[in-house]
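Here the structure comes first, spelled out in structure tokens, and everything after it is commentary.
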Amino acid sequence: MDLTARHQVDFPADEHGRRSSAAFGRSVVAAALRAADPAAADAAAAEPDWRRGYLRHFRALVEVGLRDDGGAGYTVAAAGLAAVRDRLPLEKVLAAEPDRPLRTITVEGTGTPEREVTLPYRGDLLRGAALDRQLAAWVEAGTIEPSCADAVREVADHPEWLDLADQRLVVLGAGAEMGPLPAVLGWGGTVLGIDLPEPAIWRRVTGVAERAAGRLLVPARGDQPGADLLDELGAVARWLEAAEGPTILGDYVYAPGAAYTRLSVAVDALAGHLRDRREHLALAVLATPTDVFAVPGEAVAQANDRWRARSRRARLTAALSGGRLLAPNYPVDADPGLNDSLVVQQGPNYALAKRIQRWRATLARREGVVSFAVAPPTRTRSVTRNRLLAAAYAGAHRFGIEVFAPSTANKLMAILLVHQIRKPRPAGAAAWRDETVAAAHGGLWRTAYLPRSALGLAAVRGFVPGRPGH
């Protein structure tokens with residue numbers, strides 16, 4: 001993909017002046033791998049079709065990170081972020097004084113603060129015993145990890161934790177469907193919301209803020225709220241430097257295609273810039289479940305039990321396909337197992353953007369407070385725009401995967417954010433284990449089948465509602 005420079009944050013140009021997201025991604029992944037496995041790095045660097053061939057190299061990033069009892073994950077993360085900075089340095093952009101500083105628009109909510117943990121789910125508002133039963137059902141079904149249920153229960157037992165008056169939450173991607181902005185404003189917190197200067201976004205976001213109990217602060221030029229991180233990164237940095245009190249920098253940005261990688265690079269640079277200038281800065285990141293994760297042996301055991309109990313029809317489907325369809329999720333007795341839920345249709349730019357976020361969370365956990373959780377598959381607008389993914393999500397329940405509504409997913413993730421801020425965890429010796437804590441993967445880690453081997457069948461069943469599943 002060739003691009004011309006249009007923003008402050010753009011891919012480096014080659015000797016012909018072309019800017020390629022594929023060349024950038026390939027070189028960053030190869031550099032990250034080279035720190036732990038030169039042969040794997042060479043394979044990535046020589047990949048001729050990055051758009052389709054990226055999957056195995058992103059899997060390798062996690063595989064090589066399991067070495068040295070999992071400590072190599074830190075090595076890979078550090079090398080990956082160093083490669084990003086070397087290829088796309090943004091120090092001058094962040095240090096430059098803007099021609100016109102951003103002003104602040106304040107939206108004061110009119111609602112009453114929520115002081116109880118509640119979770120909207122399938123038309124109900126779960127609380128108390130009903131919430132506890134649903135958490136137990138999800139754990140039994142393998143939809144969330146037990147540590148996720150434990151975290152939600154602990155916040156429910158300490159509703160005073162919801163009062164975030166002592167924090168300032170920055171929501172990069174204020175209009176994101178997976179972001180915590182509605183929940184935190186509902187609890188009466190102060191949110192610094194940043195998103196594109198598009199009126200439709202801010203009509204929706206300010207409407208949420210006005211009905212809630214908290215306070216929303218928004219950067220603006222004139223009367224137009226919003227700021228573009230790809231064009232106004234330095235101005236946003238100045239605006240955030242002026243924020244008072246302990247701050248949580250939440251990364252919820254999204255953009256289609258190569259712009260997502262550039263946004264993740266910009267946010268990562270902003271995080272480093274603010275960390276050097278603020279005494280109390282926590283980081284909040286959501287991981288996508290459609291990625292590669294090392295998972296504990298108990299998840300592997302449940303998946304393999306389900307594989308052994310699969311139906312005759314599933315066995316026949318696998319046999320007739322030569323093992324391409326409904327392949328087992330894990331080898332027998334793998335511990336840890338490697339869950340590969342990458343979806344080729346999401347593309348290498350999406351995969352790299354999410355991996356940059358994971359790398360930053362891995363390293364930041366060694367230095368301070370980090371909220372990181374694997375979010376469930378969710379019917380967001382960005383997913384449902386893709387016809388194949390929308391159909392696969394519609395049929396995923398037939399393979400033990402629950403796809404969440406955005407209102408459930410973003411509230412659940414906001415509750416986990418509260419838990420991880422109020423009860424921070426130090427970094428462990430194995431980077432991969434930290435990523436498994438409080439994961440709400442929707443069942444992808446514990447399903448019988450390698451997710452990509454079931455994706456096509458799930459899509460068929462999504463296109464044809466009511467057709468019998470396995």
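Here, each number is a calculation from the coordinates, and none is a lab measurement. Since we're looking at a predicted model, the values are computed, not measured. Counting neighbours? That spans all protein chains shown, and the Cβs are built from the backbone with ideal geometry, glycine included.
Seen from Val28, the other residues with C-beta closer than 12 Å to its C-beta sum to a net charge of +3, counting Lys and Arg as +1 and Asp and Glu as -1.
Mind ranking 435-441, 73-79 by how tightly packed they are, going by the mean number of other C-beta atoms within 10 angstrom, highest first? Don't jump to the answer; show the numbers that get you there.
On the way: 435-441: 24.6, 73-79: 22.1.
With the highest mean Cβ count within 10 Å placed first, the list reads 435-441, 73-79.
Out of every Cα pair in the range 2-97, what percent are spaced more than 23 Å from each other? Within the range 2-97, distances greater than 23 Å cover 32 percent of Cα pairs. Listed from fewest to most Cβ neighbours within 10 Å, the set Val9, Val460 follows the order Val460, Val9.
Charge dipole of the chain (Cα centre as origin; +1 on each Lys and Arg Cβ, -1 on each Asp and Glu Cβ, all else neutral): 1680 debye, rounded to the nearest 20.
With contacts taken as Cα pairs under 8 Å and at least 6 residues apart, the chain reaches a relative contact order of 20 percent. Residues with beta-carbon under 11 Å from that of Gly368, excluding Gly368: net charge, scoring Lys, Arg +1 and Asp, Glu -1? With Lys, Arg at +1 and Asp, Glu at -1, the net is +2.
Using a simple spin-label model with pseudo-atoms 7 Å out from Cα toward Cβ, Arg315 and Arg366 lie 4.9 nm apart. Please list, or write none, the lysines whose alpha carbon is within less than 25 Å of the alpha carbon of Lys423, excluding same-chain residues fewer than 8 places away. Here the lysines satisfying the reach criterion relative to Lys423 are Lys354, Lys411. Taking Lys and Arg as +1 and Asp and Glu as -1, the other residues whose beta-carbon sits under 12 Å from that of Asp434 total +4. Residue ranges 59-67, 302-310, 318-326, 27-35 sort as 27-35, 59-67, 302-310, 318-326 when ordered by packing (mean number of other C-beta atoms within 10 Å per residue, highest first).
Just how many % of Cα pairs in the chain lie over 40 Å apart, if you round to the nearest whole percent? Of the Cα pairs, 17 percent sit more than 40 Å apart.
Sorting Val383, Val117 by the number of Cβ atoms found within 10 Å of their own Cβ, with the fewest placed first, yields Val383, Val117.
Based on the Cβ-Cβ distance of His397 and Asp132, what FRET efficiency does E = 1/(1 + (r/R0)^6) give at R0 = 22 Å, to the nearest 0.05? Intermediate results must be reported in sequence, preceding the final value.
Numbers: r = 23 Å, r/R0 = 1.04.
E(calc), rounded to 0.05, equals 0.45.
FRET efficiency for the His158 to His16 pair, using the beta carbon distance and R₀ = 45 Å, is estimated at 0.15.
So, R0 is 45 Å and r is the distance between the beta-carbons of Asp305 and Ala242; what FRET efficiency does that work out to, to 0.05?
Working: r = 55 Å, r/R0 = 1.22.
Taking R0 as 45 Å, the efficiency between Asp305 and Ala242 is 0.25.
Relative contact order, whole percent, for the range 2-97 stands at 28, derived from Cα pairs under 8 Å and 6 or more residues apart.
Taking packing as the residue-averaged number of other Cβ atoms within 10 angstrom, the listed peptides 184-191, 153-160 run from highest to lowest as 184-191, 153-160. Place a point 7 Å from the Cα of Ala165 along the Cα-to-Cβ direction; which residues of the range 107-147 have their backbone N under 14 Å from it? Answer for the range 107-147: 113-115. Between the range 1-68 and the range 437-461, the C-alpha centres lie 26 angstrom from each other.
Full extension of the chain segment joining Val460 with Glu210 gains 85.7 nm, where the gain is 0.36 nm per residue of separation less the Cα-Cα distance. In plain terms, the residue of Met413, Met178 with the fewest other Cβ atoms within 10 Å comes first and the most crowded comes last, giving Met178, Met413.
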